[in-house]
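The values are calculated or read from the model by the stated rules, or taken from the named source; none is laboratory data. Fair warning: this is a prediction, and the values are worked out from it, not measured in the lab. Positions of Cβ are backbone-derived with ideal geometry, glycine not excepted, and every protein chain shown enters the neighbour counts.
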Amino acid sequence: MKKEQEIPHRMIYAYDPNTNDFKIFQNPDDWKAQMTTEGAKNYLAKHLMESVKNEFTPAKKAYIEDTTKTKVGKGFFGSLRILFPTITFLGTLYKGKDKSKNAIYFMEKYMGDVNPKYKHVSDLIYKVYRHGLMHTQMPKVSEIKGKIVGWKITYNDNEHLNISESNDMVTIPISLNSFYQDLIKAVKKYINDFDDPKKNSELLKNFREGFLEMAEVVNESKLRKKCPKGVRYIRNLRR
């Protein structure tokens, strides 16, 4: 009996700057060879940033329209759930590894260049809002020096990162629109740094390494360890 040929495990599904779309590459070196500084900039500007705009903007419009119609606030959690995965991946591209601390580094550096408050509270924002909303149903509540550190999500731009303190509580408010605008401006600053000859070599190296953490085509033997039922079901599908 002929042995079933296994798909090479080093194949990747990655961005092709020539088509501004994704495709299968037979190995990472093929992709790295064409992923130049301009390719990285194109991905960030024409794919990642456009994807965020195309998802967040119509969602915000629909949420606000429904809030106005029903008089019940909508979209507070969902809107941030659109944005934080992008921030997580930007941290991976910026530093080359998929770690929470790298997303925080990105926020501190690039969102901090937009609004200096991010340089001081990005780690708290990421813990309270990102981890809370992505792993549970709501942002996390903390305690510092006996005071509750709470959260507030609003459509009022004037409240954005305007941290308030009372006798027993500190509140870190996020305006959805301001947070989105700050992120878009931060991505543009990140893109501009690829034109800096003192920075672009390391940025491109980290971009390639970080992108490959997402792009691997998971082979069947590895997938079977985590998803045995699903793999068995797909293998048994009748043509």
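All told, residue 118 meets the bar of being over 24 Å from residue 204 (Cβ atoms), out of contact with any Cys (no Cβ under 8 Å at 6 or more places or on another chain), touching a residue at least 60 places away in the same chain (Cβ under 8 Å) and of a type in the set (Phe, Trp, Tyr).
Filter the range 32-48 down to the residues that are within 19 Å of the chain's Cα centre (by Cα) and among the basic types (Lys, Arg) and list them by number. Matches in the range 32-48: 41, 46.
Looking across 105, 126, 190, 180, one residue alone is aromatic (Phe, Trp, Tyr), over 19 Å from residue 48 (Cα atoms) and buried (at least 16 other Cβ atoms within 10 Å of the Cβ). It is 126. When you scan the range 77-85, do you find a residue that is modelled with pLDDT of 95 or more and small (Gly, Ala, Ser), even just one? No - not one qualifying residue is present in the range 77-85. From the list 120, 131, the one residue that fits, being loosely packed, with under 15 Cβ neighbours inside 10 Å and either in contact with a helix residue (DSSP H, G or I) (Cβ under 7 Å, 6 or more places away or on another chain) or at pLDDT below 95 (or both), is 131. Out of 119, 127, one residue alone is in contact with an Asp or Glu (Cβ under 6 Å, 6 or more places away or on another chain) and charged (D, E, K, R). It is 119. Pairs are defined by a Cβ separation below 8 Å, a sequence spacing of at least 6 or placement on different chains, a first member in the range 160-185 that is without any contact (Cβ under 8 Å) to a residue 60 or more places away in the chain, and a second member that is assigned to a strand (DSSP E or B) and among the aromatic types (Phe, Trp, Tyr); the pairs so defined are 171/151; 172/151; 173/151. Counting only residues that are in contact with a helix residue (DSSP H, G or I) (Cβ under 8 Å, 6 or more places away or on another chain) and more than 17 Å from residue 83 (Cβ to Cβ), the range 142-158 holds 2 of them. Scanning the range 102-116 for residues that are of a type outside the set (Phe, Trp, Tyr) and touching a Phe, Trp or Tyr at 6+ places or on another chain (Cβ under 9 Å) gives 102, 103, 104, 107, 108, 109, 111, 112.
Is one or more of the residues making up the range 59-66 surrounded by fewer than 18 Cβ atoms within 10 Å (Cβ to Cβ), in contact (Cβ under 8 Å) with a residue 12 or more places away in the chain and closer than 19 Å to residue 134 by Cβ? Among the residues of the range 59-66, at least one is surrounded by fewer than 18 Cβ atoms within 10 Å (Cβ to Cβ), in contact (Cβ under 8 Å) with a residue 12 or more places away in the chain and closer than 19 Å to residue 134 by Cβ, which makes the answer yes. From the list 231, 149, pick out the single residue that is in a strand (DSSP E or B), among the hydrophobic types (A, V, I, L, M, F, W, C) and surrounded by 14 or more Cβ atoms within 10 Å (Cβ to Cβ). Among 231, 149, only 149 is in a strand (DSSP E or B), among the hydrophobic types (A, V, I, L, M, F, W, C) and surrounded by 14 or more Cβ atoms within 10 Å (Cβ to Cβ).
Evaluated against (1) modelled with pLDDT of 95 or more; (2) small (Gly, Ala, Ser); (3) surrounded by fewer than 19 Cβ atoms within 10 Å (Cβ to Cβ), residue 164 falls short on exactly one condition, (1). Determine whether residue 157 is acidic (Asp, Glu) and out of contact with any Ser or Thr (no Cβ under 8 Å at 6 or more places or on another chain). No. Taking the range 102-117 as the range and being within 12 Å of the chain's Cα centre (by Cα) and either at pLDDT below 95 or hydrophobic (A, V, I, L, M, F, W, C) (or both) as the test, the residues that pass are 103, 104, 106, 107. Hey, among the residues in the range 83-101 that are surrounded by fewer than 21 Cβ atoms within 10 Å (Cβ to Cβ) and among the polar types (S, T, N, Q), which one's farthest from the chain's Cα centre (by Cα)? By that ranking, first place goes to 100. Within the range 173-197, if we keep just the residues that are among the charged types (D, E, K, R) and part of a helix (DSSP H, G or I), the residue that is nearest to residue 95 (Cα to Cα) turns out to be 193.
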